[in-house]
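Participant: Have a look at this one before I ask anything.
The values are calculated or read from the model by the stated rules, or taken from the named source; none is laboratory data. As the structure is a computational prediction, the values presented were derived from the model and not from experiment. Here the Cβ positions follow ideal geometry from the backbone for every residue, glycine too, while neighbour counts run over all protein chains shown. What goes into the accessible areas is simple: the full protein's heavy atoms, side chains included, and nothing from ligands, DNA or RNA. Shrake-Rupley method; radii C 1.70, N 1.55, O 1.52, S 1.80 Å.
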Amino acid sequence: MTTPYTLVDWVLGDGAGWLARFIGAILVWAVPITGFVSFVGLLSIWLERKISAHIQCRLGPMEVGPHGALQTVADGVKLLAKEDIIPADADRILFAFAPMLAFAGTIVGFAVVPFGPGLIVADLDIGLFYLAAVGSLEAIGVIAAGWASNNKWSLFGSVRAATQVVSYEIPMGLAFVTIAALAGTLSMVGIVEQQQGWIANWFLFRNPFTWVAFIIYYIAALAECKRAPFDLPEAESELVSGFHTEYSGMRFAIFFLAEYAQMYVVSAVAAVLFLGGWYTGIAPLDAAIGGGTAGMVVGAGVIVTKSFLLVCVQMWLRWTLPRIRLDQMMYLCLKVLMPFGMLTLVGSTVWEHFLPSPAIVKDGGGWTGNTVMTGVVVAAIGTVALVAYVRSVIRATPSLRAASNS
Amino acid sequence: MNAPHTNSPEAAPTSDVRSEEMLLNMGPQHPSTHGVFRVVIRTDGEIVLDSESHVGYLHRCFEKHCESVSFLQSVLYTDRLDYLTSMGNNLAFSMAVERLYPDLKIPERAEHIRVICAELNRIASHLLAIGTYGMDIGAITPFLYCFRDREKILSIFESICGQRLNYNYVRPGGVAYDIDDSMIAAIKDFCGYFRPKAQEYDDLLSNNDIFVRRTANVGVLPKDLAISYGVTGPSLRGSGLKRDLRRDAPYSIYDRFKFDIPVGTGEKGTLGDCYDRYMVRVREMIESLKIVEQAVAQIPDGPFKSEQLKGKLRPPKGESFVRVENSRGELGFYVISDGKDVAARVKCRAPSFHNISLLSDISKGCMIADMVAIIGSLDIVMGEVDR
Amino acid sequence: MDWSTIMWWVMAAVTVIPAVMIVLSKDIVRLAFWLLASLTGVAGLYILLGADFLGFTQVLVYIGGIMVLILFGIMMTNRDAVLMRRGETTGGAMLTGVVIAAATALALLKVVKDTKWKEAAPVEMPATTARVGEALLTDYVLPFELVSVLLLIVLCGAAYIARRRPEET
Amino acid sequence: MSFGAYLQSIGHSAKTIVAGMALTFRYLVRPKEIVTIQYGSKTNAPKERYIPDRHRGIHILETEKCIHCHICERACPVDCIEMDGTREAPFDGAWKGDGCWISSFTLDLNKCIFCNLCCEPCPKECIHMGMEFDAAAYTRAHGVKNLLTDAPQSEADRAREAEARTLIEAAEAESKRRKAAAKAAAAPAAPATPAAPGAAVPKPPAPPAAPAAPGMPKPPGAGMPPPPAPPKPAAGPAMPPPPSMPKPPTMPKPPSN
């Protein structure tokens, strides 16, 4: 390996065996990942509150800290201090175990999510496959929570979570496969490396089908995070609070944190798969930054920014849309997203066969990018079409038309 | 409700796969039962096989109360019936008391103020119904938008009568206080403000495909079933029957205003589904706005309460029944007076009570999520159901 | 004892102890979660053998798919009927169980004894994903497709059997 | 469903979702559309008053006008008003009304439904619904408001109260000085200790010099006792002028003349 792609390699050197690297990874990464998850949780919850507030003509939290930035900390302290209640007829062991399982299921996903060039816990050869595999672990925690609560509403939440898992995993896997077929690798770093250079090298702009794949992935990711319009397992107005109805205090906080961490994971994966990972999309800029520590820092900033933008879109969606029904969720996942995902997979590979995208080729040891773009046409047309579409929708919408006229 | 599994056959048409049945208590503490209302649901998975409504958690002996407090004091108890349409309740009870007097003349100005307040309150009530309905379906933002606009109406009411919810404003013989120019200006402002805002609810909810799919073809209430249960108000009009007391049996001065009566057309699904009931409310707000605009334009000067009703109310012996088109349906008050200053008997015909009674009929075979949608579309207020 | 051996023992424990607990547990949902742990251990063993793709397939299919479906099935059935019925084993059943278990154990022991064990797998294994993929689409394409078709038929059959027939109701 | 209808329904869903998102995005990026105001210590409330004149808040009583007719008590549908007093003669601890002496006038806010029916029949228009809406209390006992003594809690009223307090203190000092002079003149006079809280001590009628502040005893220690409820942040705008006589919070009632 010419460049140390993981921090662990960097610390231990190349000579270490993979098991040593494995143990080292745990030791080196456990603390920063946990800290990062907490940070993601705090920031996302604050963002959620502010975004929802501003969408709804409200101020949101303003008291604790500047613009309520520390409100989440205060809430966390409150939740820590709350009494730990376990319902009398609950399955006590599972009840206590479920939040940990959900949180662990989320946090293992961070193992293959890169935070920047070289900032990745483990660049597995099968990173994408690993993500698909561990993505459903959180759902197991949710199912356990709903069962253990011994509450019928919670049980319905569990059942819905199980239904949701088997529904969204298929289109999500198809979106993964579409990108994997383009990239020819399952490694997250390998996928990012193929998107270096200009913005048109991003997988989103490779061909028209990857747009569809992105949308399919994003919808499935919403379902994976149990975010509206797929918040069926906790569906507040239907199931009281769904699977966490009986949870309070710190156990509830862990579920909460897991949800927001999951939002970050899926958004970071979207950034890696479709939006160029840690590359800015401007070839000279990337070249000027170069590798090394500067590249690490800038790259980390870029990918975290991209991820948080996608997280914000998730929030924006949540505060706009009503919740869909369980059968509609299954209909959407299995009868809309899945056919379209298959179409995308086939279409994308056929497109690549006849109209290969810019030559990003594996040349000897590393990836070399050809920045002369054929894909720029796709990118330009796609962007123009998107803008035109949004404009036409706005024009067709009375209240928006009135607002833009005035 | 330990019902034996006898009447399940036609109950689960949408279910192909069998699983275990479960009894589920929805309420009395549930976010979507709109108050302390309890439905016992027998479910097969998510499919509702059967449901049974239990009411009475909010019973306050309103009718008995009226036999022990004076007529004037009874008015403010009517506030608490349908606490979202207190003006309409006040109006109905006041009219029932007024009808006990043989030749009572209500001043023109008072009548106009009553209509303005009742219609504004209808808008406020429908706003809340639409907003909470959106929240039942899972959209929280329209709820906040509706509340933002409802607050404007409540502020107008507060400037008129000092309270935001329990107005105690319309009294036998007129209204409690006059309204002045600044209040009329505020009402006119609101009329101008509200029309474009009403489109926002359409863009966010009524036209939204997720919302339409959640509500269309759900909880279909056929016309004859609605009539047989005595359903009134938007829930009845959603089934396509053009019945509105303001037009069919005009009271107060409603015969002077031009307005339409929106009815359900089954535009997105079946006639009489949740979407129709919802859309009737959305459209009624605009019709109410029309009435308010006309009433504000022609409001005359003069006294705001009748000079004939001075001092303690002692209606002559007799009985009266008055019904008005409240925002949830036909609200009726039956008052018997035996010449004293307290009523001998008061009976309230509460629309929500009749509307909720058919819940188990139209919710068979739906999903739990649909149950929430159906309860929301019937728009009940438990203060009125339980009285 | 090197890392590899330590990890092997850990994974073996994670596989076997929950497996014993599955037998001992009387609560069917607990049992399902013990199964979860056991399957995780098996996945870990696969990864230790260098079959990372197979290991994560184990996680994806068994934990993400089958476990969820098992839990789903348990939850949709009556809790009292399944959960609360404690096993009451009669003497005869116990005897039969012991005999069968002993026979199986003997057979297994014989197999273990007779197998010519190879050296431990090399620590650094090359990536298996590409090889698995190639093998599936070249040498084993017919069995692979046959199994796919079989699974599809099973799926359709299950859906057909579970479907409530109109004349039944 | 035909394939065309299937595609059309997907397109329609996408369109309506985009429309909704455009609408919410418009609000998201326009902070001036925010309509809520902050409640509590910080405020972004508009400068103009947002509580109308007719607001039905916690009652205020103009004690001097009250003729102790019990009409408000009878008008109350929930019996939350209780008053006591006499028209016979002044007595210790009584507040002076219009030709009457009122010993207590309490309003149980736990029961009150703010219907305004007590204010409407009042022949002297001496009981009003105030501007104050924050009726929160720690115990139910705190919900019982003594209209004679309990202070309104809004800031403007507290300022007014403070002003009255200085007047009272001045009058007190004056009375003390006079008493000292009287003591000096006649040694075996009545034991004229300043009133302690909770014990109304007979006192010679105060001079009618300060109509806004009848002679009130100063409790031991400087200043006034704090209001019974913890001071709440002034969320409301200025209170309307309170009744002509400012009322110190939970004071031992002095003889009024």
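Participant: In the range D:8-22, whose amide N lies under 20 Å from the spot 7 Å out along Cα-to-Cβ of A:R395? List them in ranges.
Facilitator: Flagged as within label range: D:11-22.
Participant: Mind jotting down a quarter of the surface of the convex hull over the alpha carbons of chain B, in square nanometres, one decimal?
Facilitator: On the way: hull surface 74.7 nm².
If I average the Cα hull's projected area over directions, I get 18.7 nm².
Participant: Which angle from 0 to 90°, rounded to the nearest 10, does the C-alpha axis of helix B:86-98 make with the longest principal axis of chain B?
Facilitator: On a 0 to 90 degree scale, this one is about 50.
Participant: Separation of the range B:319-387 and the range A:206-238 by C-alpha centroid, Å?
Facilitator: The range B:319-387 and the range A:206-238 have Cα centres spaced 41 Å from each other.
Participant: Reachable aspartates and glutamates from A:K152, Cα under 17 Å, same-chain residues fewer than 8 places away excluded?
Facilitator: A:K152 reaches A:D89, A:D91, A:E234, A:E236, A:E238, A:E246, B:E20, B:E21, B:D44, B:E46, B:D50, C:D80.
Participant: Hey, another quick one. Taking 40 Å² as the minimum loss, tell me which residues in the range A:138-157 lose that much accessible area going from the chain by itself to the full protein complex (1.4 Å probe).
Facilitator: Buried-area filter returns A:I140, A:I143, A:W147, A:K152, A:W153, A:L155, A:F156.
Participant: First select every other residue whose beta carbon is under 11 angstrom from the beta carbon of B:S32; then total the charges, Lys and Arg +1, Asp and Glu -1.
Facilitator: Details: positive: none; negative: A:E236, A:E238, B:D136.
It works out to a net charge of -3.
Participant: Under the Karplus relation 6.51 cos²θ - 1.76 cosθ + 1.60, θ = phi - 60°, what is the ordered set of whole-Hz ³J(HN,Hα) values for the range B:209-215, x standing for Gly and Pro?
Facilitator: 5, 4, 4, 4, 5, 6, 10
Participant: How tilted is helix B:368-378 with respect to the longest principal axis of chain B? Cα atoms for both, answer in degrees (0 to 90, nearest 10).
Facilitator: So the helix axis and the longest Cα principal axis differ by about 20 degrees.
Participant: Which residues, if any, in the range B:137-151 have at least 20 Å² less accessible area in the whole protein complex than in the isolated chain, probe 1.4 Å?
Facilitator: B:I137, B:G138, B:A139, B:I140, B:T141, B:L144, B:Y145, B:R148
Participant: Report the gain in length on full extension from C:A19 to C:L152: 0.36 nm times residue separation, minus Cα-Cα distance, nm rounded to one decimal. Don't skip to the end; give the middle numbers.
Facilitator: Details: separation 133, 0.36 × 133 = 47.88 nm, distance 3.04 nm.
Computed gain between C:A19 and C:L152 is 44.8 nm.
Participant: Just how large is the dipole of chain B about the Cα centre, in debye to the nearest 20, putting +1 at every Lys and Arg Cβ and -1 at every Asp and Glu Cβ?
Facilitator: Numbers: 47 positive and 52 negative charges, 213 e Å.
It works out to roughly 1020 debye.
Participant: Using modelled backbone amide H atoms (1.01 Å from N, in-plane), which distant-in-sequence or interchain residues come within less than 5 Å of B:S239's amide H?
Facilitator: Result for B:S239 returns B:G264.
Participant: Now a separate question. What percent does the relative contact order of chain A come to when contacts are Cα pairs within less than 8 Å and at least six residues apart?
Facilitator: 21 percent
Participant: When all C-alpha to C-alpha distances in the range A:7-373 are sorted into bins of 20 Å, what percent of pairs does each bin hold, rounded to whole numbers?
Facilitator: 28, 58, 14, 0
Participant: How about D:K176: which lysines have a C-alpha closer than 16 Å to its C-alpha, ignoring those fewer than 8 places off in the same chain?
Facilitator: Hits, sequence-local ones excluded: D:K203, D:K218.
Participant: Subtracting the Cα-Cα distance from 0.36 nm times the residue separation, let me have the gained length for B:K312 to B:A344 in nm, one decimal. Don't skip to the answer; put the middle values down first.
Facilitator: Working: separation 32, 0.36 × 32 = 11.52 nm, distance 1.60 nm.
The B:K312-B:A344 span can extend by a further 9.9 nm.
Participant: Put simply, what bits of the range A:77-101 lose 20 Å² or more of accessible area when the other protein chains are there, versus the chain on its own (1.4 Å probe)?
Facilitator: The answer is A:D91, A:I93, A:L94 - residues whose exposure falls by at least 20 Å² when every protein chain is included.
Participant: May I pose another question? Accessible area per residue of the range B:62-358 at 1.4 Å probe, in Å²?
Facilitator: 32 Å²
Participant: If I compute solvent accessible area with a 1.4 Å probe over the protein chains, what percent of it on the range A:7-373 is carbon and sulfur?
Facilitator: Of the solvent-accessible surface of the range A:7-373, carbon and sulfur hold 72 percent.
Participant: Can you list the HN-Hα couplings for the range C:135-144, worked out from phi with the Karplus curve (6.51, -1.76, 1.60; θ = phi - 60°), rounded to whole Hz and with x for Gly and Pro?
Facilitator: Coupling constants for the range C:135-144: 4, 5, 9, 10, 5, 10, 5, 5, x, 4 Hz.
Participant: Suppose R0 equals 25 Å; then what is the FRET efficiency for D:T139 and B:C61 from their Cβ-Cβ distance, rounded to the nearest 0.05?
Facilitator: Working: r = 28 Å, r/R0 = 1.12.
Once rounded, the FRET efficiency stands at 0.35.
Participant: Considering only protein heavy atoms, with the full assembly of protein chains and a 1.4 angstrom probe, order D:H70, B:H112, A:H244 by accessible area, largest first.
Facilitator: Greatest to least solvent exposure: D:H70, A:H244, B:H112.
Participant: As an exercise, use a Förster radius of 45 Å and the Cβ-Cβ distance of C:L49 and A:L343 to find the FRET efficiency, rounded to the nearest 0.05.
Facilitator: Numbers: r = 38 Å, r/R0 = 0.84.
FRET efficiency, C:L49 to A:L343: 0.75.
Participant: Still on this structure, please answer the following. Beyond a 19 Å Cα-Cα separation, which of these cross-linked pairs lie in this structure: B:K105/B:K312; A:K226/B:K197; A:K50/D:K15; B:K347/D:K111; B:K152/B:K197?
Facilitator: Values: B:K105/B:K312 17 Å; A:K226/B:K197 31 Å; A:K50/D:K15 26 Å; B:K347/D:K111 25 Å; B:K152/B:K197 12 Å.
Listed pairs above 19 Å: A:K226/B:K197; A:K50/D:K15; B:K347/D:K111.
Participant: Residues with amide H under 5 Å of B:E330's amide H, sequence separation 5 or more or different chain, H placed in the peptide plane at 1.01 Å from N; which?
Facilitator: Under 5 Å from the amide H of B:E330 lie the amide H atoms of B:T232, B:G233, each far enough along the sequence or on another chain.
Participant: To the nearest hundred square angstrom, how large is the accessible surface buried between D and A, total for both chains, probe 1.4 angstrom?
Facilitator: On the way: alone 15720 and 19090 Å², together 32450 Å².
Looking at D and A, the buried total is near 2400 Å².
Participant: Rank these residues by their accessible area, most exposed first, probe 1.4 Å: B:V335, B:V220, D:V35. Don't skip to the answer; put the middle values down first.
Facilitator: Values: B:V335 0, B:V220 50, D:V35 70 Å².
So, going from the largest accessible area down, we get D:V35, B:V220, B:V335.
Participant: Can you give me the angle between helix B:274-297 and the longest principal axis of chain B, using Cα atoms only, in degrees from 0 to 90, rounded to the nearest 10?
Facilitator: Computed tilt is about 10 degrees.
Participant: Still on this structure: Would you check the accessible area of A:S392, probe 1.4 Å, heavy atoms only, in square angstrom rounded to 10?
Facilitator: Here the accessible area works out near 50 Å².
Participant: What are the ³J(HN,Hα) couplings of the range D:76-91, residue after residue, when phi is run through the Karplus curve with 6.51, -1.76, 1.60 and θ = phi - 60°? Round to Hz, x for glycine and proline.
Facilitator: Per residue, the Karplus-derived 3J(HN,Hα) values read 5, x, 10, 6, 9, 9, 10, 9, 8, x, 8, 9, 6, 8, x, 9 Hz.
Participant: Also, I was wondering about something else. Could you let me know the centre-to-centre spacing of the range A:256-286 and the range A:47-115, using Cα atoms, in angstrom?
Facilitator: When both Cα centres are located, 22 Å separates them.
Participant: Counting protein heavy atoms only and a 1.4 angstrom probe, how many square angstrom of accessible surface do chains A and B bury in total, to the nearest 100? Before the final figure, lay out each step's value.
Facilitator: Working: alone 19090 and 15470 Å², together 31720 Å².
Roughly 2800 Å².
Participant: Can you tell me the relative contact order of chain B? Whole percent, Cα pairs under 8 Å, sequence separation 6 or more. Let's see the in-between values first.
Facilitator: Details: 782 pairs, mean separation 100.9, N = 387.
Worked out over chain B, it gives 26 percent.
Participant: Amide H neighbours of D:H59 under 5 Å, counting only residues 5+ apart in sequence or on other chains, H built in-plane at 1.01 Å?
Facilitator: Here D:G130 satisfy the definition.
Participant: Find the sum over both chains of the accessible area lost when A and C are paired, probe 1.4 Å, and report it in Å² to the nearest 100. Spell out each step's value before the answer.
Facilitator: Working: alone 19090 and 13640 Å², together 29810 Å².
For chain A against chain C, roughly 2900 Å² becomes buried.
Participant: Sticking with this one: Can you give the FRET efficiency to the nearest 0.05 for C:D114 and C:A12, using r as the Cβ-Cβ distance and R₀ = 22 Å? Mind showing how you got there, number by number?
Facilitator: Details: r = 21 Å, r/R0 = 0.95.
Computed FRET efficiency for C:D114 and C:A12 comes out at 0.55.
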